[in-house]
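Notes follow once the structure below has been shown.
The values are calculated or read from the model by the stated rules, or taken from the named source; none is laboratory data. Quick caveat, the model's predicted, so the values are computed rather than measured. Positions of Cβ are generated from backbone atoms using ideal geometry, with glycine treated the same way; all protein chains shown enter the neighbour counts.
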Amino acid sequence: MSYKYPVYQPSLGQKEKVNVLECLDSTWISSKGKFITQFENSFSEFVGVKHSVAVCNGTVAIHVALLALGIGDGDEVIVPSFTYIASVNAIKYTGATAVFVDSNLHTWQIDPTKIEEKITNKTKAIMAVHLYGQPCEMDAILSMAKKHKLFVIEDCAEAFGSLYNGKHVGSFGDIATFSFFGNKTITTGEGGMVVTNNDSLHDKVVHLKGQGLAKDREYYHDIIGFNYRMTNICAAIGSAQLERANQLIEKKILIANWYEQKLQDLPVTFHSQVGNVKHSYWMVSILLKDSEERNAIRLFLKENGNETRPTFHPVHLMPMYFETGLNFPIAENLGSRGINLPSYPELTESDINFICNKIKEFYK
């Protein structure tokens, strides 16, 4: 179905085309070329970290980050159930076990007060997923990790440009990951980034993502690695996107503000900024009264040309991860009655007026 307003579409400009054509003309179209290094260096500068390693998507970014930390069989990683499935699948890829924690109703992020009860002698790391652009409570998470000698992994796939206490998410943990899928704030089509301030972790990620290639011997591989490299074409697009990053982030915040202003008199709850943070609003998300109302408003908006998405289904309810007795009421609440509204950068205030008027019609 074609929508008047899709839930998301990438913002691509002329510079992206220029960069891609340069790759084609130079024939550097695979995993070598100047744009790889350019994108990595510029990304480090933007986020405020020492190292950035470009990879082929956000899921493998998490996988290789976990492997660099030495996480594997017999280990446990604490993760919110209310997250996109990739956060949990990547833990499973390593042979480790995902240990679920419920969310905070106000922030929608992992609830720090419920983490400690899940820590065992097998726990190796806490994964902080900055869902929908609102940062997790990093001070509490870091304090707990330090107390129990645990690694902290930040999954920043949905939070590029978000700040916690004035610093970019991704700059707090031992290692962090980003995604550049087509619906992300900046995109490379498919792509991801692993960032860290630790030299050793950086070297391990580079080693693992490039088929385990030894440092000083051509075509000699000394570990089992992966082909997780980003192409020069993807990095060319990312480099151009990064030049407009602040503009794209500020427009998304403006769109969120428009929605909140125009729907303030309706019985909907916005996923809004909580704490000393900058919420980058990857998606503009609202909660409805219940799942029945959520489904009805989604159908009404669809019939009027507006695409929406449901909030994520809690992972502990998925058949691969389901266990009898697991109960996370906040995650289930958020997953059952939330939707994401159209929120791509090309939307104008007039467009938001149209969408909001349709939502108002539903409530008449």
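The set of residues in the stretch 214-226 that are surrounded by 11 or more Cβ atoms within 10 Å (Cβ to Cβ) and either under 18 Å from Leu66 (Cβ atoms) or touching a residue at least 12 places away in the same chain (Cβ under 8 Å) (or both) comprises Ile223, Gly225, Phe226.
For Gln211, the conditions (1) in contact with a Gly (Cβ under 6 Å, 6 or more places away or on another chain); (2) under 30 Å from Ser11 (Cβ atoms); (3) surrounded by fewer than 17 Cβ atoms within 10 Å (Cβ to Cβ) all hold with the exception of (2).
Here Val194 passes the criteria (1) under 21 Å from Leu69 (Cβ atoms); (2) out of contact with any Phe, Trp or Tyr (no Cβ under 7 Å at 6 or more places or on another chain); (3) not in a strand (DSSP E or B) except the one numbered (3). Take the conditions touching a Leu at 6+ places or on another chain (Cβ under 6 Å) and either under 30 Å from His207 (Cβ atoms) or touching a residue at least 60 places away in the same chain (Cβ under 8 Å) (or both) and apply them to Ile255. Does it pass? In short, yes.
Is it the case that Ser200 is under 23 Å from the mean Cα position of the chain (by Cα), among the hydroxyl-bearing types (Ser, Thr, Tyr) and surrounded by fewer than 24 Cβ atoms within 10 Å (Cβ to Cβ)? When the stated conditions are applied, Ser200 does not pass them. Does at least one position in the stretch 310-323 carry a residue that is within 25 Å of Ile355 (Cα to Cα) and either in contact with a strand residue (DSSP E or B) (Cβ under 7 Å, 6 or more places away or on another chain) or among the basic types (Lys, Arg) (or both)? The answer is yes; a qualifying residue exists.
In the stretch 96-112, the qualifying residues are those that are of a type in the set (Val, Ile, Thr) and part of a strand (DSSP E or B), and the one that is farthest from Pro329 (Cα to Cα) is Thr97. Within the stretch 121-140, the set of residues being within 18 Å of the chain's Cα centre (by Cα) and not small (Gly, Ala, Ser) comprises Ile126, Met127, Val129, His130, Leu131, Tyr132, Gln134, Pro135, Cys136, Glu137, Met138. Which one of Ile186, Ile224 is farther than 29 Å from Glu16 by Cα and either in contact with a Ser or Thr (Cβ under 7 Å, 6 or more places away or on another chain) or assigned to a loop (DSSP other than H, G, I, E, B) (or both)? One residue alone meets the criteria, Ile224. If the condition is being in a helix (DSSP H, G or I), in contact with a strand residue (DSSP E or B) (Cβ under 7 Å, 6 or more places away or on another chain) and touching a residue at least 24 places away in the same chain (Cβ under 8 Å), then the stretch 113-124 contributes only Lys118.
Every residue, every condition in (1) assigned by TED's automatic domain parsing to the domain that holds Ala90; (2) without any contact (Cβ under 8 Å) to a residue 60 or more places away in the chain; (3) more than 20 Å from Thr83 (Cα to Cα), yes or no:
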position	(1), (2), (3)
Lys167	yes, no, yes
Ser179	yes, no, no
Met193	yes, no, no
His202	yes, no, yes
Gly212	yes, yes, yes
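A Cβ distance below 6 Å, combined with a sequence gap of six or more or placement on separate chains, defines the contacts here; from the stretch 1-17, residues that are more than 18 Å from Ile237 (Cα to Cα) reach residues that are in a loop (DSSP other than H, G, I, E, B) and of a type in the set (Asp, Glu) in the pairs Tyr3/Glu307; Pro6/Glu307; Val7/Glu307.
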